[in-house]
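Shown next, in structure tokens, is the structure this report addresses.
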Amino acid sequence: MKLFDNPHKRYNPLLDEWVLVSPHRTKRPWQGLVESLPHVKRPEYDPKCYLCPRNTRASGITNPDYKSTFVFTNDFSALLSDVPSGQFKEKDILQAHSETGICRVICFSPRHDLTLALMKTEEIRPVIDVWIDQYNELADNRDIRYVQIFENHGQMMGCSNPHPHCQVWANQTVPELPGRETRNQEAYMDKHGSCLLCDCLKVELKSRERVVFETDEFVVLVPFWAVWPFEVMVVSKKHYAAINELDEKAKLDLADVLRRLGIRFDNIFKSDFPYSMGFHQKPTDGGKHEEWHLHLHYYPPLLRSATVRKHMVGYELLAMPQRDMTAEQSAERLRDCPETHYTV
Ligand code: H2U
Ligand code: ZN
């Protein structure tokens, strides 16, 4: 379509915002920073790692000799459950509220050298159970209204430790982005009588231009409105509101999807591909939330190579997000990536 060959804007219905797409710029020469690649070969056990089994963490607590997954309360939690409640307001200008919550760390494996892309499906499967257990337990807590599960992967994304792990931050209030997704999915359902992401999947599976791959239970796609070069969404085909609704087949399917997507990502630039990823799902505020449709967002920073990343700067900080390569081009690159991991 001619529109997509020239500068245009695309709408993100989940966040009710627009992204500027400039496909004609993909040919411009690059003379910017070339970052050096971190060493990728790691030992199976690192005596200095805070997350390896039997090691002592920064807090002085010793990890058990765990054999599969391991959950602990973050020793440097950004949210605390015991905070005196307080409010501050000066006109409608200066406002502050106290915020309580719980932060945990989940180790995916005792093996220091693995990543989701290098783990087997049956090794990832117990991680899904831990995510479900965490969601259920925190949902039962009356002081928790949203459970955010996320993984920072790679130094480029600020990950502090290469040991395969993710985090859970659970808040007293629904945070900003899940809050916006709630309102926008609700507004869509009110207007159309159907689910935004169910309808999105119908459109995407018909055109297939942005679909990377699909299984019986999930679709992996580059959203039409993607901001990051290789941004991906994993969307359940069934209208699940949260991870605790997945049946046995869907749990195994999800484990396999995470592995296969991880391999494709690593193969793009033959590197341990950095990203931040996380689930978006039904708030645990007691509401019915029929509008909510479970999905994962992957936000990887890399653009041109294992060392050249996209920065959100200039126009993007001051005006709106922008991308050069189109979502369709990224999806094609990801579709072309093999599902056999390059040799580490
Ligand atoms: P990131 O790699 O995404 O930074 O997550 C690691 C988390 O692990 C981080 O939030 C916590 C950090 O606070 N951590 C501990 O709780 N104990 C430790 O001994 C080291 C790291
Ligand atoms: Zn480790």
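A short reminder: the numbers here are calculations on the coordinates, not readings from a lab. Because the structure is predicted, anything quoted here is derived from the model rather than measured. Here Cβ is always computed from backbone atoms with ideal geometry, including for glycine, and neighbour counts include all displayed protein chains.
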Sparse-neighbourhood loop sites, chymotrypsin sites (Phe, Trp or Tyr not before Pro) in segment 34-124 - DSSP loop, at most 12 other Cβ within 10 angstrom: 76
Translational diffusion of segment 137-277, µm² s⁻¹ [Kirkwood Rh, Cα pairs; Stokes-Einstein; 4 °C; 1.567 mPa s]: 76 µm²/s
Once fully extended, how much extra length lies between residue 245 and residue 333, figured as 0.36 nm per residue of separation less the alpha-carbon to alpha-carbon distance? 28.5 nm
In the chain the cysteines whose Cβ sits 4.7 Å or more from every other Cys Cβ are 103, 107, 159, 166, 200, 337
In segment 276-344, what trypsin sites (Lys or Arg not before Pro) fall in a loop by DSSP, with at most 10 other Cβ atoms inside 10 Å? 288
Need one number: % antiparallel among DSSP beta bridges in the chain, to the nearest 5. 95 percent
Using alpha-carbon pairs under 8 Å, 6+ residues apart, how would you state the relative contact order of the chain in percent? 21 percent
Using alpha carbons only, what's the Rg to Rh ratio of segment 40-336 with Rh from Kirkwood? 0.96
Neighbour cut-off at most 14 other Cβ (10 Å), DSSP loop, trypsin sites (Lys or Arg not before Pro), segment 86-161: 91, 120, 142
With the crude spin-label approximation of a point 7 Å out along Cα→Cβ, what separation in nm comes out for residue 199 versus residue 57? 4.4 nm
Modelling each spin label as a point 7 Å along the Cα-to-Cβ direction, I'd like the residue 96/residue 66 distance in nm, to one decimal. 3.5 nm
Gained length - residue 81 relative to residue 15, 0.36 nm times residue gap less alpha-carbon distance: 20.9 nm
Classify segment 214-264 as rounded, prolate or oblate, taking a ≥ b ≥ c as the square roots of the eigenvalues of its Cα gyration tensor: rounded when a/c is under 1.5, otherwise prolate if a/b is larger than b/c and oblate if not. oblate
